[in-house]
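Remarks on the structure that follows.
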Amino acid sequence: MTDDEQRRGRLKVFLGYAAGVGKTYQMLTEARDLKRRGVDVVIGYFEAHGRQETIAQTEGLETVPRQTIEYRGTRFEEMDTEAILRRHPEVAVVDEFPHTNVPGSPRLKRWEDVHVLLDAGIDVLTTMNVQHLESLNDQIWHSTGVRVRETIPDWVLKQADEVVMVDLTPRALLNRLARGVVYPPERAKQALEHFFKESTLVALREFAMRQAAYSVESRLPGDDEPPPSADVAASDGGARERLLLIITPNPSSAALIRRGRRVADYLRADCLAMYVTKTAECADLTAEQRENLERHLNFARGLRIDTRVLEGRDVAETIVGFARMHGITQIFVTREKPSALRSWFASAFVQRIVNLARDMQVTVVADRSARRSQPNT
């Protein structure tokens, strides 16, 4: 095999639902097993969190030193991706897949560093919790009250060659926390008052189990076929589900995009997003609205959703006309809620889309952005 034909590395993700369920421990256990079988394994990045049982699993494994980056007068340590490339092991162990690198790093996210390793033919073992999956962000928030700030796009996890759920019952996890296995006493007490409530852990565990099941189903035979082009989908009688997300400058569009991407993935459907402006170059929008709109469009593109901006005096007719031309089967919209007058106009707009698109399913995604406070994780 020539250098140009070098195989891409395999990605294995150890998926959990909370700190302390044993993801890193199991990942390191597999790394040790590989080394015993003669595989060249190194630790590219490992976060100990003071857990002695997990630290013990690193004994006998080579660790690639981290790089130090200075940011605003403080020195931070990050994974040294280039050093791993120079070392070029068969397998690299990389903890905390969704991590955001400190400013000044070559890449923004650790998952981007992992992709560099995979492109170089290095297999990677990594860890993450289900709440860091982008499309689940709103569902996690509404179920647990926790707004996760570090996320990865769904397509990144979907490209993993193997996803293993590391499971532990919420009661067992709480017992580990009480014994000081997960965090030191003071931090454990704080965790019990916030993220580590049993009801929260139960909800997160259910999300993780569903995601693990979906990861298995999405790898069944026949799922590797590429989606048809827009022209083919429009001419084949609508055999394949195609979703259209109607974006606005309103903050609720972020939840709409996540919801639509999630549904499209489950249906194995094509997904498009569009905004309709009544004026050239969105001249009717304020600077803040244009900034919000561009942010939503970029967010959709980051989730591998095809985006369009069309001009049309009649927004509803433009949307439905585009939908018919491109074989859309489902339209997703949000109903704004800030004032009684705006709510009436928004309801009338949604009803008009429903009336015009009688041959399509129209889903109104609820805007629940102000229903609860937003603790971070």
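The values are calculated or read from the model by the stated rules, or taken from the named source; none is laboratory data. Given the structure is predicted, the values throughout are model-derived calculations rather than measurements. Using ideal geometry, Cβ is built from the backbone for each residue, glycine included, and neighbour counts are taken over all protein chains shown.
In the range 98-145, which residue that is of a type in the set (Gly, Ala, Ser) and over 24 Å from Leu256 (Cβ atoms) is nearest to the chain's Cα centre (by Cα)?
Here is the first cut: in the range 98-145, the ones of a type in the set (Gly, Ala, Ser) are 104-105, 120-121, 135, 143, 145.
Adding the requirement that they be over 24 Å from Leu256 (Cβ atoms) leaves 104-105, 120-121.
Values: Gly104: 23, Ser105: 21, Ala120: 24, Gly121: 24 Å.
Filtering the range 98-145 for residues that are of a type in the set (Gly, Ala, Ser) and over 24 Å from Leu256 (Cβ atoms), the one nearest to the chain's Cα centre (by Cα) comes out as Ser105.
Please return the ranges of strands (runs of 3 or more DSSP E) entirely within the range 1-80 where 2 or more residues are in contact with a strand residue (DSSP E or B) (Cβ under 8 Å, 6 or more places away or on another chain) and more than 30 Å from Asn175 (Cβ to Cβ).
Values: elements: 11-16, 41-45, 67-71, 74-78.
Those strands (runs of 3 or more DSSP E) span 41-45, 67-71, 74-78.
Please verify whether the range 260-276 includes one or more residues that are at positive phi and modelled with pLDDT of 90 or more.
Narrowing the range 260-276 to residues at positive phi: 268.
The next check asks that each one be modelled with pLDDT of 90 or more; those that pass are none.
Taking every residue of the range 260-276 in turn, none turns out to be at positive phi and modelled with pLDDT of 90 or more.
Among all residue pairs at least 6 apart or on different chains, which show Cβ distances below 6 Å where the first residue, located in the range 115-128, is farther than 10 Å from Lys12 by Cβ and in contact (Cβ under 8 Å) with a residue 60 or more places away in the chain and the second is surrounded by fewer than 24 Cβ atoms within 10 Å (Cβ to Cβ) and of a type in the set (Lys, Arg)?
Leu118/Arg8; Gly121/Arg7
In this structure, does Glu294 turn out to be charged (D, E, K, R), at pLDDT 90 or above, surrounded by 12 or more Cβ atoms within 10 Å (Cβ to Cβ) and in a helix (DSSP H, G or I)? Walk me through it before giving the result.
On the way: charged (D, E, K, R): yes; at pLDDT 90 or above: yes; surrounded by 12 or more Cβ atoms within 10 Å (Cβ to Cβ): yes; in a helix (DSSP H, G or I): yes.
Yes.
So for the range 323-334 (the condition being modelled with pLDDT under 90, in the same structural domain as Arg240 (by TED's automatic domain parsing) and under 14 Å from Ser252 (Cβ atoms)), does at least one residue qualify? Steps first, please.
Narrowing the range 323-334 to residues modelled with pLDDT under 90: 334.
Next, only the ones that are in the same structural domain as Arg240 (by TED's automatic domain parsing) stay: 334.
Next cut, under 14 Å from Ser252 (Cβ atoms) only: 334.
Within the range 323-334 (the criterion being modelled with pLDDT under 90, in the same structural domain as Arg240 (by TED's automatic domain parsing) and under 14 Å from Ser252 (Cβ atoms)), the answer is yes, since at least one residue qualifies.
Output the number of residues of the range 41-96 satisfying the condition of being touching a residue at least 40 places away in the same chain (Cβ under 8 Å), under 14 Å from Ala120 (Cβ atoms) and acidic (Asp, Glu).
Counting residues in the range 41-96 that are touching a residue at least 40 places away in the same chain (Cβ under 8 Å), under 14 Å from Ala120 (Cβ atoms) and acidic (Asp, Glu) gives 1.
Within the range 176-188, restricting attention to residues that are of a type in the set (A, V, I, L, M) and part of a loop (DSSP other than H, G, I, E, B), which residue is surrounded by the most Cβ atoms within 10 Å (Cβ to Cβ)? Spell out how you get there, then give the answer.
In the first step, residues of the range 176-188 are kept if they are of a type in the set (A, V, I, L, M); the result is 177-178, 181-182, 188.
After this cut, where a residue has to be part of a loop (DSSP other than H, G, I, E, B) as well, the list is 181-182.
Working: Val181: 16, Val182: 21.
That would be Val182.
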